[in-house]
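First up is the structure itself, then whatever we jot down about it.
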Amino acid sequence: MLKFLPNTRLLLTRTDNIGDLILTLPAVASLKRRYPDIFIGFLCSSYAAPVLLQNPAINKIIPVDDGFPFTTLKVIREGNYHASLHFFIEPKGTILARMANIPRRIGPASKIWSVLLTDKVSQNRSKVERHEAEYNLELARECGADGLSFPPAIFLSALEKREGQQILSMACKVPEPSPVVIHPGSHQHVETWPIDHFMELAKKIGDRGDKVVFTAGPGEEKFIEAAQQLRHKNVHTLTAGSLALRQLAAVISNARIFIGNSSGPLHIATALNIPTISFYPQVPLVTSAKRWGPFGNSKLHRVLTPTPADRPLKNISSDMALEWVINVLQSKAHPDSSGEQFIG
């Protein structure tokens, strides 16, 4: 087990997607609890970087693709880091750490680029023996941290939250709405709950008198167009791709409940402590909720997944999902308190 000195400068790396980055945050918090005086820099993608802003555990954010490789390498070298912790092994982060001559480079011994590490931790994430966040916490424990399993957290200012409220007020045409936010999109190559099911669910929620707001990212215009075609007085939309990432987070922070497939926005909702309902297949296991589901309070988050395992997500009807939505909106706990619900 490694141990860091109080003046250690530590570079963390996770350079891919929003959800992947969010699932490192419990490990980041664990490291900061163990070493409150260390300097933590975080190398990540520029489009995911905003979720790290205002995080008290992180001293510097380094977008890997802003001037890769030479400008990024210069920034890392100027950081005089004593160690780097790679939550996921990929070329950019491992090569930059090696080129910057960081003395200790720690990470899982699972990819070819692991050869550039000085300290390798045996992990085989494809076996899905635990959640992705737990794998990250295991790496933190290898560095002497407590590795305790707390939910991730995103930090928004009061001003940002007010902006999110204003965006929703304009969309819903009522002051201070607290709507159901639905984000059907997913940039992952995984099975998703069908778009027509989301529309059926939105209409049924709206028929109850609850406000619904659809959000979507760039290239996901089809979801917004489908929602607009409902022409329902309680179903509203925000233009696809119109929100910056922290604006989207601010909108989600004002939701009563967030509904969506496996996606970055789902993990944003989890990190903001917003109740969620999400849809995950059981197979293949590497894309299941066991590895990638919401990480946090299981009483707040419901994962709907089909059973038997080989059944498609479309077998989960909008009525089945509506039952869970009503439970959350009425703040009633379901008799089964587990986070993952298997639906035949």
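Could you tell me how far the Cα centroid of segment 249-277 sits from the Cα centroid of segment 154-211, in Å?
9 Å
Leu43's amide H: which non-local residues (gap 5+, or another chain) put their own amide H closer than 5 Å, with H modeled 1.01 Å from N in plane and none for Pro or chain starts?
Leu12, Thr13, Arg14, Ile62
For segment 170-209, compute Rg over Rh where Rg is the Cα radius of gyration and Rh is the Kirkwood radius from the inverse mean 1/r over Cα pairs.
1.06
What ³J(HN,Hα) values, in whole Hz, does the Karplus curve 6.51 cos²θ - 1.76 cosθ + 1.60 give for segment 238-251 when θ = phi - 60°, with x put for Gly and Pro?
10, 4, 4, x, 7, 9, 5, 4, 6, 5, 4, 4, 5, 4
I'd like the FRET efficiency for Arg33 and Phe70, computed as 1/(1 + (r/R0)^6) with the beta carbon distance as r and R0 of 45 Å, rounded to 0.05. Before the final figure, lay out each step's value.
Working: r = 35 Å, r/R0 = 0.78.
After rounding to 0.05, the efficiency reads 0.80.
Taking the highest mean first, how do the peptides 263-276, 283-296, 225-238 order by number of other beta carbon atoms within 10 angstrom per residue?
Working: 263-276: 24.7, 283-296: 20.0, 225-238: 16.9.
The peptides rank, most packed first, as 263-276, 283-296, 225-238.
Among Asn136, Leu96, Gln330, which residue has its Cα positioned farthest towards the positive end of the charge dipole of the chain, with +1 placed on the Cβ of Lys and Arg, -1 on the Cβ of Asp and Glu, and the dipole taken about the Cα centre?
Leu96
What ranking do 71-78, 242-249 get when scored by the average of other Cβ atoms within 10 Å per residue, highest first?
Working: 71-78: 15.8, 242-249: 18.2.
The peptides rank, most packed first, as 242-249, 71-78.
About its Cα centre, how strong a charge dipole does the chain have in debye, to the nearest 20, once Lys and Arg get +1 and Asp and Glu get -1 at the Cβ? Present the calculation step by step, with values, prior to reporting the outcome.
Values: 38 positive and 30 negative charges, 137 e Å.
Here the size comes out at about 660 debye.
Sum up the charges of everything whose Cβ sits under 9 Å from the Cβ of Ser30, counting Lys and Arg as +1 and Asp and Glu as -1, but leave Ser30 out.
Neighbourhood net charge equals +3.
Taking R0 as 25 Å, what FRET efficiency do you get between Ser317 and Leu285 from their Cβ-Cβ distance, rounded to the nearest 0.05? Intermediate results must be reported in sequence, preceding the final value.
Working: r = 24 Å, r/R0 = 0.98.
E between Ser317 and Leu285, to the nearest 0.05, is 0.55.
On a 0 to 90° scale, report how tilted helix 25-34 is relative to the longest principal axis of the chain, with both axes built from alpha carbons and the result rounded to the nearest 10.
40 degrees
Take the alpha-carbon centre of segment 302-319, take the same for segment 11-54, and report the distance between them in whole Å.
First find each Cα centre; the distance between them is then 33 Å.
Hey, for a label at Asn124 modelled as a point 7 Å past Cα toward Cβ, could you say which residues of segment 245-288 have their backbone N under 18 Å away?
285-287
Residue by residue through segment 73-78, what is 3J(HN,Hα) from phi via Karplus (6.51 cos²θ - 1.76 cosθ + 1.60, θ = phi - 60°)? Round to whole Hz and write x for glycine and proline.
4, 4, 4, 5, 4, 5
So which of Lys3/Lys74; Lys290/Lys314; Lys92/Lys120; Lys32/Lys120 end up more than 23 Å apart, counting from Cα to Cα?
Details: Lys3/Lys74 27 Å; Lys290/Lys314 20 Å; Lys92/Lys120 17 Å; Lys32/Lys120 21 Å.
Pairs exceeding the cut-off: Lys3/Lys74.
Once amide H atoms are built 1.01 Å from N in the peptide plane, which residues 5 or more positions from Val303, or in another chain, come under 5 Å H to H?
For Val303, whose amide H was placed from the backbone, the distant partners under 5 Å are Ser278, Glu340, Gln341.
Which residue, chosen from Met199, Phe258, Trp292, occupies the Cα position most advanced towards the positive end of the dipole of segment 158-343, where the dipole is computed from +1 (Lys, Arg) and -1 (Asp, Glu) charges on Cβ about the Cα centre?
Sorting the options by dipole projection puts first Phe258.
Quick one, what does Rg over Rh come out to for the chain if you take C-alpha atoms and the Kirkwood Rh?
Values: Rg = 20.6 Å, Rh = 20.9 Å.
Here Rg/Rh amounts to 0.99.
Working out 0.36 nm times the residue gap between Gln54 and Met1, then minus their Cα-Cα distance, what length gain in nm do you get to one decimal? Don't skip to the answer; put the middle values down first.
On the way: separation 53, 0.36 × 53 = 19.08 nm, distance 3.00 nm.
Going from the current span to full extension adds 16.1 nm.
For a quick check: with amide H placed at 1.01 Å from N, whose amide H comes under 5 Å from Val121's, ignoring anything fewer than 5 positions away on the same chain?
Amide H to amide H, under 5 Å and 5 or more residues apart or across chains, Val121 pairs with Gly107, Ala109.
Dipole of the chain (Lys/Arg Cβ +1, Asp/Glu Cβ -1, origin at the Cα centre): which of Ser110, Ile277, Ile316 lies farthest to the positive side?
Ser110
Kindly state, to the nearest 0.05, the FRET efficiency for Ser169 paired with Glu90, given R0 = 56 Å and r defined as their beta-carbon distance. List each step's numbers first, then the result.
Values: r = 41 Å, r/R0 = 0.73.
Working from the Cβ atoms, E equals 0.85.
FYI, it's all coordinate maths here, none of it is from the lab. Worth saying up front: this structure is predicted, and the values here are computed from it rather than measured. Cβ sites come from the backbone with ideal geometry, for glycine too, and all protein chains shown count toward neighbours.
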